[in-house]
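See below for the structure under consideration.
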Amino acid sequence: MALTPQGVVTAKVPSTPEDQSRAVVRALEASGVACADTAAVAHGTTVATNALLERSGARTALITTEGFRDVIEIGRQNRARLYDLTARRPPPLVPRDLRFTVAERCGPHGVVRPLDERSVDAAVNAVAAAGVEAVAVCLLFSFAHPAHERAVADAVAARLPGIRVSASCDVLPEFREFERFATTTANAYLAPRLTAYLEDLATRLERAGYPAPWVMSSSGGVLPAEDAARLPVACVLSGPAAGAVGAARLAARGGYRDVLTFDMGGTSTDVAAVLDGEVAT
């Protein structure tokens with residue numbers, strides 16, 4: 001969908017699953033809007049969404065504090081159906097054999113146990129032998145005292161320069177281990193795939209003469225492509241958010257302030273309420 005001085009222009013082309021960036025450029029060309037007249041390209045994508053739904057992200061390892069290897073599996077022990085003894089949660093993004101620990105401990109007021117360098121070396125060696133594409137580093141209390149976590153992340157990056165490393169103190173520096181660990185793990189899991197896609201998209205747009213893309217985030221705002229690649233977990237709901245925001249804008253131009261949106265794709269369907277012109281959260 002393009003917004004022009006003459007009104008809204010829409011175009012649709014077949015998907016190109018082998019390289020989705022090709023279809024994006026073809027859709028822009030099919031719109032008939034000239035490259036020179038294009039002020040900005042805002043892109044909503046379901047690459048991260050589908051990678052989570054299909055479990056097709058990167059092979060990922062987790063390095064955490066000794067004794068906290070299973071936080072992402074234990075969670076908060078919440079159950080959607082309290083008395084269903086057969087209920088099963090989806091498996092964690094990182095299986096247990098790819099979770100490694102280091103000897104260290106921080107508390108609310110600082111270091112309780114210094115970081116043991118030998119355990120760091122052992123964990124990095126284990127990650128190197130595991131053949132992973134990404135690593136999440138999540139240590140206890142790193143949101144307040146990140147020095148240990150940064151040291152571990154730097155050690156991984158130095159030993160494995162081609163591996164994407166996500167440190168929880170950068171991704172979600174907030175308290176509560178499960179939420180921080182789960183979010184950082186998802187970030188690492190999605191990073192290689194989304195980064196490759198956005199790099200391909202930016203290259204194709206540049207070659208075609210279009211501006212560098214802005215990427216829709218889950219919040220309904222946009223990020224520069226390089227920021228989206230650095231924090232892919234912020235784009236898990238990029239496509240659904242773009243559909244809702246775009247529908248609200250289009251409905252407003254037609255004089256409708258209260259609408260229900262229905263956005264169906266090949267993997268998922270998303271429904272949203274727009275009340276008084278604002279997308280409901």
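How charged is the neighbourhood of Ala251? Take every other residue with its Cβ under 9 Å from the Cβ of Ala251, and add Lys/Arg as +1 and Asp/Glu as -1.
After counting each charged neighbour, the total is +2.
Determine the relative contact order of the stretch 1-77: mean sequence separation of Cα pairs under 8 Å and six or more apart, normalised by residue count, in whole percent.
17
What residues of the stretch 238-256 lie in the reach of a label at Ser56, counting those whose backbone N is under 16 Å from a point 7 Å from the Cα along Cα→Cβ?
Correct set: 239.
Rounded to the nearest 10 degrees, what's the angle between the helix 117-130 long axis and the longest principal axis of the chain, both from Cα atoms, 0 to 90?
Its long axis makes an angle of about 50 degrees.
Can you give me the Cα centroid spacing of the stretch 136-157 and the stretch 168-230 in angstrom?
Cα centres, the stretch 136-157 to the stretch 168-230: 20 Å.
Not counting ligands, DNA or RNA, and with a 1.4 Å probe, what is Asp121's accessible surface area in Å² rounded to the nearest 10?
Accessible area of Asp121: about 90 Å².
Which of the three applies to the stretch 89-147, rounded, prolate or oblate, going by the alpha-carbon gyration tensor with a ≥ b ≥ c and a/c under 1.5 meaning rounded?
The shape class here is oblate.
Can you run phi through the Karplus equation (6.51, -1.76, 1.60; θ = phi - 60°) for the stretch 201-215 and list ³J(HN,Hα) in whole Hz, with x for Gly and Pro?
Couplings: 5, 4, 5, 5, 5, 4, 5, 7, x, 8, x, 4, x, 9, 10 Hz.
Grab the other residues whose beta carbon is less than 13 angstrom from that of Leu237, score K and R as +1, D and E as -1, and report the net.
Around Leu237, the surrounding residues sum to -2.
Using DSSP to call loops (not H, G, I, E or B), can you name the trypsin sites (Lys or Arg not before Pro) in the stretch 197-281 whose Cβ has at most 13 other Cβ atoms within 10 angstrom?
Qualifying residues, ordered by number: Arg257.
Using only DSSP helix segments of four residues or longer, with each worth -39500 (n - 2.57), what per-residue ellipticity at 222 nm results for the chain after dividing by its residue count and rounding to 500?
When only DSSP H runs of four or more count, the value is -12000 deg cm²/dmol.
Compute the FRET efficiency between Thr203 and Val9 as 1/(1 + (r/R0)^6), taking r as their Cβ-Cβ distance and R0 = 22 Å, and round to the nearest 0.05.
0.35
Do you know the relative contact order of the chain, to the nearest whole percent, from alpha carbon pairs under 8 angstrom that are 6+ apart?
Here the relative contact order equals 20 percent.
What stretch of the chain, leaving out the sites themselves, is the longest with no GluC sites (Glu not before Pro) in a DSSP loop having at most 14 other Cβ atoms within 10 Å?
My reading of the result: 19-173 is the longest stretch.
Share of antiparallel DSSP beta bridges in the stretch 30-141, in percent to the nearest 5?
Of the beta bridges lying entirely in the stretch 30-141, close to 25 percent run antiparallel.
Can you give me the relative contact order of the stretch 79-215 as a percent, contacts being Cα pairs under 8 Å and 6 or more apart?
This gives 19 percent for the stretch 79-215.
Given a Förster distance of 25 Å, report the FRET efficiency between Ala42 and Arg257 from their Cβ-Cβ distance, rounded to the nearest 0.05.
According to the calculation, E is roughly 0.65.
Note down the net charge around Thr64, summing +1 for each Lys or Arg and -1 for each Asp or Glu among other residues with Cβ under 11 Å from its Cβ.
Cβ neighbours under 11 Å give a net charge of -2.
The values are calculated or read from the model by the stated rules, or taken from the named source; none is laboratory data. None of these values were measured; they are calculated from a predicted model. All Cβ positions, even for glycine, are placed from backbone atoms using ideal geometry, and neighbour counts span all protein chains on display. The area values use the complete protein model at the heavy-atom level, side chains included, leaving out ligands, DNA and RNA. Shrake-Rupley method; radii C 1.70, N 1.55, O 1.52, S 1.80 Å.
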